[in-house]
Amino acid sequence: MLVVNRFRVPEGDAAFRGDLEAAHALLSERPGYVDGTIGRNVDEPDLWVMTTRWVNVGAYRRALSSYDVKLGAVPLLSRAVDEPSAYEIVEPGADLNQSFARQT
């Protein structure tokens with residue numbers, strides 16, 4: 001699965017890049033992490049992105065629940081643009097996720 005977190009960063013927030021790199025490093029240590037990148041928009045330099053890939057949605061959710069990530073990454077992730085961030089990776093010919101209410 002693919003996670004896309006976008007951030008609007010006010011000019012002069014010099015600590016943001018380091019905070020984002022630290023959050024990414026914490027996530028990268030969690031089981032199920034595949035890879036990830038950090039980027040900055042070329043046309044709007046106040047727009048940043050962090051993408052991460054995970055073996056499945058459960059691995060990502062468990063990563064967010066870990067103590068280290070809650071302490072060191074979630075405060076930064078809460079600053080992300082308020083939009084859906086989890087995506088299924090679409091492979092040629094693969095069945096897509098179906099939208100329906102799930103039983104617990």
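The values are calculated or read from the model by the stated rules, or taken from the named source; none is laboratory data. None of these values were measured; they are calculated from a predicted model. Ideal geometry is used to build each Cβ from the backbone, glycine not excepted, and the neighbour counts take in all protein chains shown. SASA here: full protein model, heavy atoms, side chains in, ligands and nucleic acids out. Shrake-Rupley method; radii C 1.70, N 1.55, O 1.52, S 1.80 Å.
Taking the range 34-80, which residues are among the charged types (D, E, K, R) and under 25 Å from D13 (Cβ atoms)? Give the steps one after another, and end with the answer.
From the range 34-80, those among the charged types (D, E, K, R) are 35, 40, 43-44, 46, 53, 61-62, 68, 70, 79; that's our starting set.
If the condition is that a residue be among the charged types (D, E, K, R) and under 25 Å from D13 (Cβ atoms), then R40, D43, E44, D46, D68, K70, R79 are the ones that fit.
When L71 is tested against the conditions (1) hydrophobic (A, V, I, L, M, F, W, C); (2) surrounded by 10 or more Cβ atoms within 10 Å (Cβ to Cβ); (3) within 19 Å of M1 (Cβ to Cβ); (4) without any contact (Cβ under 8 Å) to a residue 24 or more places away in the chain, the lone failure is (3).
Go through the range 1-19 and report how many residues are farther than 16 Å from L77 by Cα, crowded, with 16+ Cβ neighbours inside 10 Å and of a type outside the set (A, V, I, L, M, F, W, C). Qualifying residue count, the range 1-19: 0. Exactly one residue out of R17, R40, R61, R8 is among the charged types (D, E, K, R) and in contact with a Phe, Trp or Tyr (Cβ under 7 Å, 6 or more places away or on another chain): that is R40.
Scan the range 20-53 residue by residue and report those that are of a type outside the set (A, V, I, L, M), in a strand (DSSP E or B) and either free of Cβ contacts under 8 Å to residues at least 24 places away in the same chain or open to solvent by less than 60 Å² (accessible area, probe 1.4 Å) (or both). If the condition is that a residue be of a type outside the set (A, V, I, L, M), in a strand (DSSP E or B) and either free of Cβ contacts under 8 Å to residues at least 24 places away in the same chain or open to solvent by less than 60 Å² (accessible area, probe 1.4 Å) (or both), then Y33, D35, G36, T37, G39, R40, W48, T51, T52 are the ones that fit.
Residues in the range 70-88 that are in a loop (DSSP other than H, G, I, E, B) and either within 21 Å of L26 (Cα to Cα) or touching a strand residue (DSSP E or B) at 6+ places or on another chain (Cβ under 8 Å) (or both): 8 in all. State whether one or more residues within the range 58-76 are charged (D, E, K, R) and farther than 23 Å from N97 by Cα. Yes - at least one qualifying residue is present in the range 58-76.
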